[in-house]
Structure formats: structure tokens, C-alpha cells
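Colleague: Structure in C-alpha cells, see below.
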Amino acid sequence: MTDQAPAPYAGPQRVLSGVQPTGDLHLGNYLGALVKFARLQHEIETFIFVADLHALTEWVDPSKLKSNVREIAAAYLATGLDPKVANIFAQSAVPAHAELAWIFNCVARLGWLDRMTQFKDKAGKHKERSSVGLYTYPVLQAADILVYKATHVPVGEDQRQHLELTRDIAAKFNHDFEAPGFFPLPDALTQGPGARIMSLRDGKVKMSKSDPSDYSRINLTDDADAISQKVRKARTDPEPLPETLDELKARPEAENLVGVYAALSGRTAQDVLGEFAGQGFGAFKPKLADLAVSVMGPIGGEMRRLLADPAEIDRILAAGAERARAVAEPTLAEVKRIVGYWAG
Ligand code: TRP
């Protein structure tokens with residue numbers, strides 16, 4: 001060993017991300033993640049999966065899980081992922097994720113997992129009643145990423161800490177097993193105008209599928225009427241829109257709606273203010289409603305069309321899984337050899 005910096009990763013660049021099949025996807029998921037997947041697939045080899053192994057960390061009705069997986073797959077397709085370009089699959093169809101997760105359970109330290117804020121949020125007051133899987137959730141996430149040696153991971157801001165953990169696991173594996181540069185240290189791609197979409201009812205909390213009020217979010221499956229209603233009923237304040245972003249800082253609902261308008265139209269928030277400064281929400285909201293309907297409406301329609309033919313979705317997932325396994329299995333075989341397994 002020398003005390004030089006460890007060898008950098010020299011393999012190909014790859015994008016990987018996943019979404020859990022737990023209920024309705026909404027505008028926040030769309031702008032924070034799904035639009036980025038569709039864009040990146042044309043730049044770098046892309047793996048996008050449905051995280052059904054992760055879904056079991058909390059109770060999920062077995063009779064719903066498969067249809068939830070198909071719904072996420074439909075969302076991927078409806079938001080522009082092309083199964084001929086990107087590899088789209090269900091996590092449970094690629095056993096290498098779980099096998100690598102075991103090995104990473106032995107690399108990650110308890111102290112690292114103890115710091116994970118998502119576990120604390122999800123476990124709440126009853127930590128001792130949470131599944132062990134919920135606790136090691138981020139270790140499986142690291143395996144999802146590194147089994148493809150992914151270098152770029154488009155995710156929402158809330159996943160930043162899990163990506164840091166993934167890097168720590170990769171670095172410790174490379175170091176402990178004297179395999180410099182074996183795993184890349186992947187980067188989280190969290191930037192973008194849709195990084196933080198807030199509830200339509202309260203500009204201080206994130207848009208979330210667990211919010212009891214359906215008016216707090218725009219679901220991917222909402223039809224035009226629902227989208228338009230929700231925008232019109234969104235909480236606002238009586239002031240007109242200002243000229244500068246700074247003046248929006250103390251007005252979280254106004255700031256959020258301007259941000260949504262910007263993200264949906266591919267413009268900057270400043271540009272949007274340039275057009276609407278001096279106008280009140282009576283004028284702004286109908287414009288935002290039309291924009292949201294024109295972008296989100298067709299996505300919902302396409303999802304409904306795709307979900308009417310589950311066999312076609314299953315065919316796409318099966319083909320994607322086959323391609324995913326062809327990349328994941330050789331990585332796992334190398335890992336088994338590196339750690340010295342009998343079966344390696
Ligand atoms: N934890 C992610 C979320 O809640 C989902 C996920 C699981 C994921 N495995 C992943 C995201 C791997 C990116 C890469 O959104």
C-alpha cells in the first residue's frame with residue numbers, strides 16, 4: 001500500500017435510479033426525478049427500476065404490490081423513458097441486488113446507519129417496532145446503484161444522505177478488499193428547477209403522497225379537471241407577484257407556484273417573474289392551471305392507456321430485467337471472487 005490517493009474509477013459512466021411502488025406519484029416526483037430520467041437516457045446508459053424489494057420495508061398488501069409496480073413502470077413510460085433506450089425493470093427480478101446488499105451489510109458500519117435521517121423520520125417514535133429492513137434500507141440502495149457500477153444517480157434532494165452512504169460503502173469496499181477503483185463513487189444529481197416542490201396547501205412542507213389532503217398535490221393520474229381545480233384552490237397570499245426572487249423568500253406558497261410554473265415551462269423563476277410581476281394570483285393561477293394541464297394531462301392519459309394492457313408492461317419489464325441481469329451478474333461474480341467466497 002502507498003499513501004497515494006486511491007485509484008479513480010475508470011469504467012463507463014452509467015445512470016441509475018429507482019422509485020418505490022408505494023402509491024400515487026405526483027408532480028414532485030415528476031419534476032424532481034422522472035423528467036431527468038427521460039432526459040439522461042439519451043446521454044448515458046440508463047438503468048431505471050421499480051424498488052419493490054424496498055417496498056417490503058413497510059407493510060404492503062401483497063395483492064397490490066404487482067399492480068403498484070406496473071403503475072410506476074407506466075409512469076416511467078408515460079414521462080418519456082423509452083424501453084429501447086433505457087433499461088426498465090423491477091428490482092425483484094434481479095437477485096444480484098439482494099446478494100450484494102448482504103455483502104454491503106458487512107461493509108457498512110452501524111454508526112453510519114444510525115445517522116440516516118430518513119430512517120428516523122419513517123420509524124418515528126417506535127423504532128423498536130420497525131423492520132430491520134427499514135434500517136438497512138440505504139444499504140440495499142447502495143447495492144442497487146453499485147451492482148451496475150452506476151456513476152450518476154438522479155434523485156430528489158431527500159436522497160442526498162443515502163448517496164453519501166453509498167460513496168462511503170464503495171470507498172470502504174475498495175479499500176478493505178484492496179480493489180482500488182473497483183466501485184465508482186457515484187454522484188447524486190439533485191439539481192434542477194424541480195428539486196423542491198412544496199405542498200399546494202402549505203408552502204413550508206414538501207409535496208407528499210402521505211399528505212392526507214389530495215388537494216396538496218397533483219397526482220400523475222389526475223385528469224385535466226382535477227389538475228385545474230387543484231391549482232385554482234392552491235393556497236396563496238393576496239399580494240401581487242414581485243419583481244425579484246428575494247421578495248418571494250418570505251412567501252413560501254407564492255415562491256412554490258412560481259417554481260412550479262418555471263419547472264413545467266422549462267424557464268427560470270426569474271424569467272417567470274419578469275412576465276408576471278405586478279399581477280395577482282387571480283391572473284397567475286389560470287395560466288398556471290393551463291400549463292399544468294398541458295404538461296401533466298397527457299401523462300395521466302398515457303398512464304391510463306398503458307395500464308389497460310398490463311401484459312405489455314410486463315413484457316417491457318421482463319426484457320429490461322434480462323438486460324439488467326446481464327450487467328449486474330458479472331459485477332456480483334467479481335465481488336464474490338474479491339471477498340473470497342467459496343462460491344465466488
Ligand atoms: N430511496 C429512493 C427513494 O425513496 C428509492 C431508491 C431505492 C433509489 N433504491 C435506489 C433511488 C437507488 C436511487 C437509486 O426515492
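The values are calculated or read from the model by the stated rules, or taken from the named source; none is laboratory data. This structure is a prediction, so every number in the text was calculated from the model and none was measured. Heads up, the Cβs are rebuilt from the backbone with ideal geometry, glycines too, and the neighbour counts pull from every protein chain shown. SASA here: full protein model, heavy atoms, side chains in, ligands and nucleic acids out. Shrake-Rupley method; radii C 1.70, N 1.55, O 1.52, S 1.80 Å.
Colleague: Give the residue that is surrounded by the most Cβ atoms within 10 Å (Cβ to Cβ), with candidates limited to residues of region 1-28 that are modelled with pLDDT under 90 and within 16 Å of the ligand (Cβ to nearest atom).
Modeller: THR22
Colleague: Within region 141-152, which residues are of a type outside the set (Lys, Arg), farther than 18 Å from GLY111 by Cβ and more than 7 Å from the ligand (Cβ to nearest atom)?
Modeller: ALA143, LEU146, VAL147, TYR148, ALA150, THR151, HIS152
Yes/no per residue for (1) of a type outside the set (D, E, K, R); (2) under 14 Å from the mean Cα position of the chain (by Cα); (3) assigned by TED's automatic domain parsing to the domain that holds THR331:
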{"position": "ILE169", "(1), (2), (3)": "yes, no, yes"}
{"position": "GLY181", "(1), (2), (3)": "yes, no, yes"}
{"position": "ARG196", "(1), (2), (3)": "no, yes, no"}
{"position": "SER199", "(1), (2), (3)": "yes, no, no"}
{"position": "VAL205", "(1), (2), (3)": "yes, no, no"}
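Colleague: Check region 103-113 and report whether any residue there is in the same structural domain as ALA171 (by TED's automatic domain parsing), touching a strand residue (DSSP E or B) at 6+ places or on another chain (Cβ under 7 Å), touching a residue at least 60 places away in the same chain (Cβ under 8 Å) and part of a loop (DSSP other than H, G, I, E, B).
Modeller: Start the filter on region 103-113 by keeping residues that are in the same structural domain as ALA171 (by TED's automatic domain parsing), which leaves 103-113.
Retained after the next criterion (residues that are touching a strand residue (DSSP E or B) at 6+ places or on another chain (Cβ under 7 Å)): none.
Taking every residue of region 103-113 in turn, none turns out to be in the same structural domain as ALA171 (by TED's automatic domain parsing), touching a strand residue (DSSP E or B) at 6+ places or on another chain (Cβ under 7 Å), touching a residue at least 60 places away in the same chain (Cβ under 8 Å) and part of a loop (DSSP other than H, G, I, E, B).
Colleague: While we're on this one: Taking region 14-28, which residues are in contact (Cβ under 8 Å) with a residue 60 or more places away in the chain and assigned to a loop (DSSP other than H, G, I, E, B)?
Modeller: The initial filter retains those residues of region 14-28 that are in contact (Cβ under 8 Å) with a residue 60 or more places away in the chain, namely 14-18, 22-28.
Within region 14-28, THR22, GLY23, ASP24, LEU25 qualify.
Colleague: Need pairs with beta-carbon distance below 8 Å; first residue hydroxyl-bearing (Ser, Thr, Tyr) and within region 315-344, second open to solvent by less than 40 Å² (accessible area, probe 1.4 Å); sequence gap 6+ or separate chains.
Modeller: Short answer, once both residue conditions are applied: THR331/ALA96; THR331/LEU100; THR331/LEU146; THR331/VAL147; THR331/TYR148; THR331/LYS149.
Colleague: Yes or no: ARG217 more than 12 Å from the ligand (Cβ to nearest atom), among the basic types (Lys, Arg) and either in contact (Cβ under 8 Å) with a residue 12 or more places away in the chain or surrounded by fewer than 20 Cβ atoms within 10 Å (Cβ to Cβ) (or both)?
Modeller: Values: more than 12 Å from the ligand (Cβ to nearest atom): yes; among the basic types (Lys, Arg): yes; either in contact (Cβ under 8 Å) with a residue 12 or more places away in the chain or surrounded by fewer than 20 Cβ atoms within 10 Å (Cβ to Cβ) (or both): yes.
Judged against the criteria, ARG217 is a match.
Colleague: Kindly provide the set of residues from region 233-258 that are open to solvent by 50 Å² or more (accessible area, probe 1.4 Å) and touching a residue at least 24 places away in the same chain (Cβ under 8 Å), ordered by number. If you could, list the steps in order and put the result at the bottom.
Modeller: Narrowing region 233-258 to residues open to solvent by 50 Å² or more (accessible area, probe 1.4 Å): 233, 235, 238-240, 243-247, 249-250, 255.
Those that are open to solvent by 50 Å² or more (accessible area, probe 1.4 Å) and touching a residue at least 24 places away in the same chain (Cβ under 8 Å): LYS233, ARG235, PRO238, GLU239, PRO240, GLU243, THR244, LEU245, GLU255.
Colleague: In region 153-179, how many are open to solvent by 20 Å² or more (accessible area, probe 1.4 Å), within 15 Å of ALA101 (Cα to Cα) and within 13 Å of the ligand (Cβ to nearest atom)?
Modeller: Final tally of qualifying residues: 1.
Colleague: Mind checking which residues of region 116-130 are surrounded by 14 or more Cβ atoms within 10 Å (Cβ to Cβ) and more than 8 Å from the ligand (Cβ to nearest atom)? Break it down into steps so the answer makes sense when it comes.
Modeller: Looking only at region 116-130, we keep the residues that are surrounded by 14 or more Cβ atoms within 10 Å (Cβ to Cβ), and these are 116, 118-119, 122-123, 130.
Once the filter is applied, which keeps residues that are surrounded by 14 or more Cβ atoms within 10 Å (Cβ to Cβ) and more than 8 Å from the ligand (Cβ to nearest atom), region 116-130 yields MET116, PHE119, LYS122, ALA123, SER130.
Colleague: Let me ask another. Assess whether ALA75 counts as being surrounded by 22 or more Cβ atoms within 10 Å (Cβ to Cβ) and either among the hydrophobic types (A, V, I, L, M, F, W, C) or in a loop (DSSP other than H, G, I, E, B) (or both). Lay out the reasoning, then the answer.
Modeller: Numbers: surrounded by 22 or more Cβ atoms within 10 Å (Cβ to Cβ): yes; either among the hydrophobic types (A, V, I, L, M, F, W, C) or in a loop (DSSP other than H, G, I, E, B) (or both): yes.
Yes: the conditions hold for ALA75.
Colleague: Can I ask one more? With the structure loaded, tell me whether GLY282 is part of a helix (DSSP H, G or I) and over 21 Å from ASN219 (Cβ atoms) or whether it fails that test. Outline the logic, then answer.
Modeller: Details: part of a helix (DSSP H, G or I): yes; over 21 Å from ASN219 (Cβ atoms): yes.
Here the answer is yes, as GLY282 does meet what is asked.
Colleague: Just to be sure, is PRO298 in a helix (DSSP H, G or I), under 30 Å from LEU241 (Cβ atoms), out of contact with any Cys (no Cβ under 8 Å at 6 or more places or on another chain) and at pLDDT 95 or above? Give the steps one after another, and end with the answer.
Modeller: On the way: in a helix (DSSP H, G or I): yes; under 30 Å from LEU241 (Cβ atoms): yes; out of contact with any Cys (no Cβ under 8 Å at 6 or more places or on another chain): yes; at pLDDT 95 or above: yes.
Here the answer is yes, as PRO298 does meet what is asked.
Colleague: Go through region 29-72 residue by residue and tally those that are among the polar types (S, T, N, Q) and either at positive phi or open to solvent by less than 40 Å² (accessible area, probe 1.4 Å) (or both). Break it down into steps so the answer makes sense when it comes.
Modeller: Narrowing region 29-72 to residues among the polar types (S, T, N, Q): 29, 41, 46, 57, 63, 67-68.
Pick out the ones that are also either at positive phi or open to solvent by less than 40 Å² (accessible area, probe 1.4 Å) (or both) and you get 41, 46, 57, 68.
Residues in region 29-72 being among the polar types (S, T, N, Q) and either at positive phi or open to solvent by less than 40 Å² (accessible area, probe 1.4 Å) (or both): 4 in total.
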